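Asker: Here you go, one structure.
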Amino acid sequence: MCNCMQDTLSFMESFIKDRLPENAVTESFEARIMHYHFRFDGSDNAVPAMMIDSSHKVKKVNGEEAKNRKKYETPIFGTYCPFCAEAYSTPKEEQKLWAVEIHGPGSLVAASSRAEADFRAAQINQEQKEYLEGVPEDQRHNVPNVEAVVVEWDGKREHHAASVLNADWNDVY
Ligand SMILES: [Zn+2]
């Protein structure tokens, strides 16, 4: 993997530092790169990410629409370094296909990467936890137990690709 992110940061740090206003306390100068993401799918780490910002309203236990929107941020990554165009590497043994199995409803949804599978599973489990917290304790036994786990896709690659395209994560349980 190239070192473009770190090199660019070092260059920009000294560039900005040299141009601070006179009243700035130079020693206190700090800078960091935003909008990059650590990946957990075996690919090169700390690559730039764009975020998909999405949200929806939720129904409260009493059926009313809650005022606040539930927000999601989903990172998406490019395949090449935007500075030098070197391909971000994916080790061979990591070129597996991933999915999220949702226990309870028993559904299996293909994810485009290990990173997405991790993210989606955590999101579903968090949603379920928050949902349960809104249900009175003596009624929780009526709520089906939903648990999302990341699994390796053991079907065909073309079925995985089709499943990724058709995945509707808002309607998986
Ligand atoms: Zn680069």
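A short reminder: the numbers here are calculations on the coordinates, not readings from a lab. Only a predicted model underlies this, so the values are computations on that prediction, with no experimental measurement involved. Cβ coordinates were reconstructed from backbone atoms using ideal geometry, including for glycine residues, and neighbour counts include every protein chain displayed.
Asker: Along the Cα→Cβ direction, 7 angstrom out, place labels at Glu158 and Ala31. What is the inter-label distance in nm?
Answerer: 5.1
Asker: Another question, then. For n ≥ 4 DSSP H runs only, could you compute -39500 (n - 2.57) per run for the chain, divide by its residues and tell me the 222 nm figure to the nearest 500?
Answerer: Details: 3 runs with 44 residues, N = 173.
When only DSSP H runs of four or more count, the value is -8500 deg cm²/dmol.
Asker: If each residue of separation counts as 0.36 nm, what is the full-extension length gain between Tyr173 and Val149 once their alpha-carbon separation is subtracted?
Answerer: 7.3 nm
Asker: Right, next: Any chance you could check the Cα centroid distance between the range 11-40 and the range 95-173 for me, in angstrom?
Answerer: 40
Asker: Which of the lysines could a cross-linker bridge to Lys59, judged by Cα under 18 Å and excluding same-chain residues fewer than eight apart?
Answerer: Lys67, Lys70, Lys71, Lys129
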